[in-house]
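The block underneath contains the structure these notes are about, expressed in structure tokens.
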Amino acid sequence: MGGIFEKYIDADIILWSFPLYYYGVPSKTKALIDRLLPGNLPDIIAHTDGSAGHPQRYNLQNQRHVLVSTCGLFTVQNNYEAVIKQFEIMFGNRFVKILCPEGELFRVPQLEKRTSEYLACVTKAGEEYIKQGVFSGGTQEKLGEPLYPPETFMEMANLNWERGSAAGEIKDGAYRLLRQMAALYKPHGQDKEITLEFYFTDLGKTYQLVLGKTKCVFKEDDFLPCTARIETSFEVWAAISNGRLNGQDALFQHKYRVTGDFSALEFLERCFSGKKNTGNPGEGRPKKRSMWLFILPWAAFWTALPLSPDFGVYIALVITAALPVFSVVKKLTVYDTVSVFCVVVLSVLTLTGFSLPVLVTLSYGLFGLLWIFSTGQRIPLSAWYSSDSYGGDAAFNNKLFMLTNRIISRVWGAVYLVSCTWVWAIMHSYYFQLAGLVNMACPLAAGIFTAFFSRRFPAFYARKK
Ligand SMILES: Cc1cc2nc3c(=O)[nH]c(=O)nc-3n(C[C@H](O)[C@H](O)[C@H](O)COP(=O)(O)O)c2cc1C
């Protein structure tokens, strides 16, 4: 205490941080307070308001105090009064306080979104205190808001102790986890009800969550026809829900399977996830990528050149040169840049008098090779463009998303490599001018395949045992 005491009397600001125990400071904090006694002289003096005390041995009149404390109940009322009174007597108006009821929630990973929001507010309060010596009204108000409404909190907290109706029967962990999820439900904003059924293989238990317009109903009997059914061991599901296991990876490794409407799974993330948003709201909307920018230079080359061998090349060059302008609104990928480079080289070769059928056929081959090349890279070509619909760059860590896109990119590559044969034939036929237009069928067919496959393949994969 000798060392601590010296630091104490030297400090400009003392930060007190402790949990609330029996409506007061915990015994160890109390022991520390007791041993601050040498800070006072033994003399007894009377104050003007009729109270008494000991004069200070050191001049600590400018020393300020910050009290940060959590407690287990959901309110400060009939809870913190003793601590506040003690601090008022010890430090007068030289202290500010952050009192956070429902403190146990800070260790629940599923609630990270809300708790980190609160902690960000605590950080802001700290900055304000250093700059202005007080917390602003807005910050104070936010710090006073409960983490969750008392009813939700009580439901979540009490489920940890809930016993079944039969004497001694303790409800299983899956029951508690799903009921806690139901308590935290954020409505999906749609008219229809979505019923998610869970079958826990290790417990042999089935439960349902019915996601309605305003609330989520937990069911352990009287089941409804389900939208999607998730078969999993409780161990796996508990690990996913507390963040120890990545849900996408677990699906990829067939640790759980999904039957019914696979797309209903997105509601798990949307309606129950309390995880922190990774995006920084201050940065505004991030720019998206567009596959059109990748295809545009090629499409210009393929259509304009056969249509007008004299001027087509200039049209292709102008369109290609315009591509960087799009970077103002769209994010360009390395493949967009490579496309520009390839089409410029092909156009220049056209101008130098190279054979048109050779160049056009070569361009289709090059385009197909780009797709095939990308499938050997960490991020296959189509993944760059479709990731925006699957949570942005985070999708690159989703193994099932990457596998789906690797297959899609291979198909696009194969279609364009094979198309070289008929392009070569068309370019030598009477209809060579229509080569570009005829081949518009390729991206159309590949696009339809992509739309179909990207929906169906993950669902098919998720059904497999
Ligand atoms: C012995 C003991 C007494 C407690 N007394 C209270 C109390 O009076 N009021 C309250 O709201 N929470 C009370 N709690 C709950 C704690 O304040 C709460 O769990 C807090 O988040 C614990 O913080 P910690 O995890 O940093 O120890 C008590 C906990 C313990 C262990």
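The values are calculated or read from the model by the stated rules, or taken from the named source; none is laboratory data. A quick note: this is a predicted structure, and the numbers were derived from the prediction, not measured. Neighbour counts run over all protein chains shown; Cβ positions are idealised from the backbone, glycine included.
Collect the residues in the range 411-439 that are part of a loop (DSSP other than H, G, I, E, B) and either in contact (Cβ under 8 Å) with a residue 12 or more places away in the chain or within 18 Å of L381 (Cβ to Cβ) (or both), keeping them in residue-number order. Result: H428, N439. Looking across the range 264-274, the residues that are under 17 Å from R456 (Cα atoms) and in contact with a strand residue (DSSP E or B) (Cβ under 8 Å, 6 or more places away or on another chain) come down to A264, L265. Taking residues in the range 52-70 that are of a type in the set (G, A, S), and partners anywhere that are surrounded by 13 or more Cβ atoms within 10 Å (Cβ to Cβ), the pairs with Cβ atoms closer than 6 Å and at least 6 places apart or on different chains are S69/F18; S69/L20; S69/L99. Here E145, E155 are screened, and the one residue that is assigned by TED's automatic domain parsing to the domain that holds Q77 and charged (D, E, K, R) is E145. Here W298 fulfils each of the conditions (1) part of a helix (DSSP H, G or I); (2) surrounded by fewer than 20 Cβ atoms within 10 Å (Cβ to Cβ); (3) in contact with a helix residue (DSSP H, G or I) (Cβ under 9 Å, 6 or more places away or on another chain) apart from (2).
For every residue, the table says whether it meets (1) out of contact with any Cys (no Cβ under 6 Å at 6 or more places or on another chain); (2) buried (at least 19 other Cβ atoms within 10 Å of the Cβ); (3) small (G, A, S).
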{"position": "Q61", "(1), (2), (3)": "yes, no, no"}
{"position": "S69", "(1), (2), (3)": "yes, yes, yes"}
{"position": "T75", "(1), (2), (3)": "yes, no, no"}
{"position": "Y80", "(1), (2), (3)": "yes, yes, no"}
{"position": "K85", "(1), (2), (3)": "yes, no, no"}
{"position": "R107", "(1), (2), (3)": "yes, no, no"}
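Does the range 57-65 include one or more residues that are of a type in the set (F, W, Y), assigned by TED's automatic domain parsing to the domain that holds R94 and either within 16 Å of the ligand (Cβ to nearest atom) or touching a strand residue (DSSP E or B) at 6+ places or on another chain (Cβ under 7 Å) (or both)? No, because not a single residue in the range 57-65 is of a type in the set (F, W, Y), assigned by TED's automatic domain parsing to the domain that holds R94 and either within 16 Å of the ligand (Cβ to nearest atom) or touching a strand residue (DSSP E or B) at 6+ places or on another chain (Cβ under 7 Å) (or both).
Checking the stated criteria, L119 turns out not to satisfy the condition of being within 24 Å of Q180 (Cα to Cα), crowded, with 17+ Cβ neighbours inside 10 Å and among the aliphatic types (A, V, I, L, M).
The listed residues are I45, I4, I14, I9, and the only one of them that is more than 16 Å from the ligand (Cβ to nearest atom), exposed (fewer than 13 other Cβ atoms within 10 Å of the Cβ) and closer than 30 Å to E127 by Cβ turns out to be I4.
Among the residues of the range 88-107, write down those that are within 16 Å of the ligand (Cβ to nearest atom), outside any strand (DSSP E or B) and touching a residue at least 12 places away in the same chain (Cβ under 8 Å). Those that are within 16 Å of the ligand (Cβ to nearest atom), outside any strand (DSSP E or B) and touching a residue at least 12 places away in the same chain (Cβ under 8 Å): P101, E102, G103, E104, L105, F106. Pairs are defined by a Cβ separation below 8 Å, a sequence spacing of at least 6 or placement on different chains, a first member in the range 24-42 that is under 16 Å from Q63 (Cβ atoms), and a second member that is among the aliphatic types (A, V, I, L, M) and away from the ligand (no atom under 16 Å from the Cβ); the pairs so defined are L32/M1; L32/I4; I33/M90; G39/I9; G39/L60. The condition (being modelled with pLDDT of 95 or more, within 16 Å of the ligand (Cβ to nearest atom) and touching a Lys or Arg at 6+ places or on another chain (Cβ under 8 Å)) is satisfied by just one residue among V68, V25: V68. From the list F135, F95, F74, the lone residue that is in contact with a helix residue (DSSP H, G or I) (Cβ under 6 Å, 6 or more places away or on another chain) and closer than 30 Å to E269 by Cβ is F74. If I filter the range 396-410 for residues that are without any contact (Cβ under 8 Å) to a residue 60 or more places away in the chain, closer than 26 Å to L359 by Cβ and of a type outside the set (D, E), do I get at least one hit? So far as the range 396-410 goes, yes, one or more of its residues are without any contact (Cβ under 8 Å) to a residue 60 or more places away in the chain, closer than 26 Å to L359 by Cβ and of a type outside the set (D, E).
Rundown of residues vs (1) in contact with a Gly (Cβ under 8 Å, 6 or more places away or on another chain); (2) on the phi > 0 side of the Ramachandran plot; (3) away from the ligand (no atom under 16 Å from the Cβ), yes/no style:
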{"position": "T75", "(1), (2), (3)": "no, no, no"}
{"position": "N79", "(1), (2), (3)": "no, no, no"}
{"position": "Y129", "(1), (2), (3)": "no, no, yes"}
{"position": "G133", "(1), (2), (3)": "no, yes, yes"}
